[in-house]
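These notes are about the structure you will find just below.
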Amino acid sequence: MAQAGGPGAKKGILERLDSGEVVVGDGSFLITLEKRGYVKAGLWTPEAVVDHPDAVRQLHIEFLRAGSNVMQTFTFAASEDNMESKWEAVNAAACDLAREVAGKGDALVAGGVCRTSVYRHHKDEATVKKLFQLQLEVFTKKNVDFLIAEYFEHAEEAIWAVEVLKQSGKPVAATMCIGPDGDMRGVTPGECAVKLVKAGAAIVGVNCRFGPSTSLKTMRLMKEGLRTAGLKAHLMVQSLGFHTPDCGKGGFVDLPEYPFGLEPRVATRWDIQKYAREAYNLGVRYIGGCCGFEPYHIRAIAEELAPERGFLPPASDKHGSWGSSLNMHTKPWIRARARREYWENLLPASGRPFCPSLSQPDA
């Protein structure tokens with residue numbers, strides 16, 4: 001199969017989705033850059049776009065090479081309430097980096113906002129919307145291709161974000177960081193999806209907090225909610241790259257391993273190929289990842305859906321499909337693993353012999 005071509009005329013996000021095209025999102029910036037020494041855990045604010053732009057640029061490039069169609073600005077938690085005077089420079093720099101890398105391939109730039117730190121304290125609509133508006137002004141000036149409101153645990157705040165972002169006239173995607181139990185006030189996934197579409201979101205779904213299988217359960221509920229309400233929207237999923245079957249309503253932030261001991265939970269590339277196929281079969285056409293999703297996970301999505309997309313990503317040049325490159329190995333028992341059936345049916349051990357089977361969430 002041919003590999004993806006270089007820069008050319010780019011279709012917009014809704015043009016792609018309306019035609020049935022698969023859009024592959026990008027992956028983890030916060031946790032990946034924390035591991036690489038460029039982001040501090042806690043507020044997780046993205047000063048790295050100013051202090052270490054080469055590190056952010058390199059990660060964008062790796063996701064692009066792995067098959068991503070979207071370069072999302074590294075602006076998570078980059079609102080005035082979290083960054084004070086630094087917020088504007090960070091948002092502008094993040095847009096420039098995303099645009100620079102997107103220009104190297106067939107990728108769009110998405111300006112991203114997330115939940116604020118002030119909502120949970122006083123829930124003042126005007127104050128919260130002003131924070132989104134400030135970021136939107138930078139995104140508008142930088143002419144991003146579309147907008148994403150992500151990582152909302154309350155439907156109300158997500159609705160406020162959508163209402164602000166849609167004023168730009170650009171397409172708006174909105175994702176909640178919820179599981180099958182719904183948001184923190186008991187609003188079900190189906191109700192969340194309906195509210196977001198009615199607020200003006202053209203693309204709805206979930207991101208972060210939960211692993212692949214749990215996120216897809218939530219997506220099924222969102223899809224059913226929209227169907228019951230007679231509403232249509234494109235579906236989007238960007239799960240964790242970690243397995244979280246033991247998480248409660250708060251997701252992985254409640255796990256004792258969060259954020260520095262999550263490695264035993266990392267999904268394999270084969271897990272992510274299964275996730276991509278199941279998401280596609282569910283009708284989701286915007287498929288990406290969030291925390292824990294490394295470039296090889298994004299490549300797994302792109303490889304699994306290569307028949308539908310019509311091409312392989314550049315990074316597949318160094319990766320044989322379903323382990324086929326192992327045919328060159330010197331050990332016969334490893335050569336025998338060069339087949340789909342082996343990797344598709346493998347149940348990996350945790351790699352930590354004294355690890356409990358599951359954790360007890362703190363919350």
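The values are calculated or read from the model by the stated rules, or taken from the named source; none is laboratory data. The model shown is predicted, which means the values in this text are computed figures rather than measured ones. Heads up, the Cβs are rebuilt from the backbone with ideal geometry, glycines too, and the neighbour counts pull from every protein chain shown. Side chains are part of the model used for accessible areas, which takes the heavy atoms of the whole protein and leaves out ligands, DNA and RNA. Shrake-Rupley method; radii C 1.70, N 1.55, O 1.52, S 1.80 Å.
Details
- Nearest 10 degrees, 0 to 90: helix 155-165 Cα axis against the chain principal axis: 80
- In this structure residue 352 has an accessible area near 140 Å², from a 1.4 Å probe over the protein heavy atoms.
- Close amide H pairs (under 5 Å, H built 1.01 Å from N) link residue 239 with 208, 288, 290, residues at least 5 positions away or on another chain.
- Between residue 21 and residue 120, the modelled label-to-label distance comes to 3.8 nm, taking each label 7 Å out from Cα in the direction of the beta carbon.
- Cross-link partners of residue 11 among lysines (Cα-Cα below 26 Å; sequence separation of 8 or more within a chain): 104, 141, 142, 166, 170, 198, 223, 232
- Helical runs (DSSP H, four residues minimum) scored at -39500 (n - 2.57) apiece and divided by the length of the chain put the mean residue ellipticity at 222 nm at -12000 deg cm²/dmol.
- For the chain, a Gaussian network of Cα nodes joined below 10 Å ranks 267, 110, 89 by mean-square fluctuation, and the top entry is 89.
- Positive minus negative residues near residue 346 (Lys, Arg vs Asp, Glu; Cβ under 12 Å): +2
- Of all DSSP bridge pairs formed entirely within the range 49-200, close to 10 percent run antiparallel.
- Three-way shape label, the range 13-312, alpha-carbon gyration tensor, a/c 1.5: rounded
- Helix 87-102 vs. the chain, principal-axis angle (Cα, 0 to 90°, nearest 10): 40
- Cα gyration tensor category, rounded, prolate or oblate, for the range 300-346 with a/c compared to 1.5: oblate
- Rounded to the nearest 10 degrees, the angle from helix 53-66 to the longest Cα principal axis of the chain is 60 degrees.
- Taking the Cα centre of the range 1-138 as origin and assigning +1 to Lys and Arg Cβ atoms and -1 to Asp and Glu Cβ atoms, the resulting dipole is close to 260 debye.
- Amide H contacts under 5 Å for residue 174: 149, 203, 204, 205, restricted to partners 5 or more places along the chain or on a different chain, H placed in the peptide plane at 1.01 Å from N.
- Charge sum, other residues only, whose C-beta stays under 12 Å from residue 194's C-beta, Lys/Arg counted +1 and Asp/Glu -1: +3
- Around residue 66: net Lys/Arg minus Asp/Glu count, Cβ-Cβ under 12 Å: -1
- The chymotrypsin sites (Phe, Trp or Tyr not before Pro) found in the range 246-314 that occupy coil by DSSP, while having at most 13 further C-beta atoms within 10 Å, are 260.
- Only Cα pairs under 8 Å and 6+ residues apart enter the sum, and on that basis the relative contact order of the range 13-312 stands at 19 percent.
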